[in-house]
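The values are calculated or read from the model by the stated rules, or taken from the named source; none is laboratory data. Not measured: the values here are computed from a predicted model. Heads up, the Cβs are rebuilt from the backbone with ideal geometry, glycines too, and the neighbour counts pull from every protein chain shown.
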Amino acid sequence: MKRLLIFLSLIIAINKLTGQEKHTNFINEFSISGNYTLFDDLSSIDEPGFGSGIFHVHDFSKNLALVIGLEYNLTRFSTGKKSSKYEQLIDALYSLNYISIPLMLRLSFGNKYKLFVEGGAYYENYLYASVKGTHVKHGPMAMPSVDTSKYYKIKLTKLINYGFMANLGVQVPLGGKKILIKPGFVYGLENNNISSEFDHEYKLFNRYAKLSVILKL
């Protein structure tokens, strides 16, 4: 988390050096988003997630802007079965919660209705991760038992991630406000291995498709 705060402070300092602000509010965009994991792993099943964020957009010109954000994101994936010696976790659903800081350039085309493309990098810090499933106990000295609602906190070998992101979208006027709709892709580069009583160094590259709806403030 300390690295996250240092990175955010650096971005704000860079923004102040770019020149006079063209927006009265530092926070001038708010977003909600849905995502869908795209893991390159045949043993996992991609699942939907969601997120929300606030952004500052600094206009260099009519068509070029710097976008700085602070987001909360939840991504999820599932597996069929995880086993230890005397236990099984069936229909395991993994949930990853984290804070992200994207830094992108936005190139826009048009006037009242705009098309735009965005590209850049991001840094994120994991808050916590968990797995839920049907927990089955068995063994020579224990009575069989089933628990359908047990959560397990899981450990990630690295709590930070970084990578690239790209978006393509449209900006439209709506009731005196401006709404942005943008599909995109987030490509994580760091392997955040999962460790739990049912997993031993399960590889995790957090990559997902994303659809955001943004309100300009």
Q) What pairs come up if the first residue lies in region 68-80 and is aromatic (Phe, Trp, Tyr), the second is not in a strand (DSSP E or B), and their beta carbons are under 6 Å apart, counting only those six or more places apart or on different chains? A) Phe77/Phe39; Phe77/Ser44
Q. Hey, does region 199-217 have a residue that's touching a Lys or Arg at 6+ places or on another chain (Cβ under 9 Å), modelled with pLDDT of 80 or more and of a type in the set (Lys, Arg)?
A. yes
Q | Subset of region 39-61 [part of a loop (DSSP other than H, G, I, E, B), of a type outside the set (Phe, Trp, Tyr) and either at pLDDT 90 or above or buried (at least 16 other Cβ atoms within 10 Å of the Cβ) (or both)] | A | Ser44, Ser61
Q | Complete set of residues in region 110-129 that are surrounded by fewer than 17 Cβ atoms within 10 Å (Cβ to Cβ), of a type outside the set (Lys, Arg) and at pLDDT below 95 | A | Gly110, Asn111, Tyr113, Leu127, Tyr128
(Q) I need the full set of residues from region 1-37 which are at pLDDT 60 or above, outside any strand (DSSP E or B) and surrounded by 16 or more Cβ atoms within 10 Å (Cβ to Cβ), in order please. (A) Asn28
